[in-house]
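The values are calculated or read from the model by the stated rules, or taken from the named source; none is laboratory data. Please read all numbers here as calculations on a predicted model, not as lab measurements. Heads up, the Cβs are rebuilt from the backbone with ideal geometry, glycines too, and the neighbour counts pull from every protein chain shown.
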């Protein structure tokens, strides 16, 4: 692209250069032809400037669209953060509930233990038949303890599977967001690279 100084220099010297190269054309005809060529060159330069302005305007519009897309991506990340905070709050609530259940169960077992101690004290002097009955009762309570332990183990296993699923969900979600961002960047590179 020629600067304004170059155009002025060419205008000033073009007539003399062409006059030196002319092979017998009259000076006036040559100057008219030269003037017509200069007018065409100036018009073409004006047209080129207008095309460049249009190109810059289109580039600015594309950059604005890219900015809007980045804002949308940021909004999605904020929404994802909020969802993770909600999930963490839910897990905290679940932990509190299990802690309360565990404390309640411990209190109940402590109360049962105290009752058995009182019963043992009362019936230490009784005969063998009553001892056999209490041994049967002890066995029943051991079985109920085993059942409750089995239930707690099943609950622990369920939470482990839920935790694994959430871990997988987080990995997949992160992978999908990274892939989405990669696709957006690839599309941007493709459109801006042309």
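Please enumerate the residues belonging to region 53-95 that are more than 25 Å from the chain's Cα centre (by Cα), surrounded by 11 or more Cβ atoms within 10 Å (Cβ to Cβ) and more than 21 Å from residue 190 (Cα to Cα).
94, 95
Quick check: anything in region 148-166 under 29 Å from residue 70 (Cα atoms) and either part of a helix (DSSP H, G or I) or modelled with pLDDT of 90 or more (or both)? Let's see the steps before the verdict.
Filtering region 148-166 for residues under 29 Å from residue 70 (Cα atoms) gives 166.
Filter once more, so that each one left must be either part of a helix (DSSP H, G or I) or modelled with pLDDT of 90 or more (or both): 166.
Yes: region 148-166 contains one or more residues that are under 29 Å from residue 70 (Cα atoms) and either part of a helix (DSSP H, G or I) or modelled with pLDDT of 90 or more (or both).
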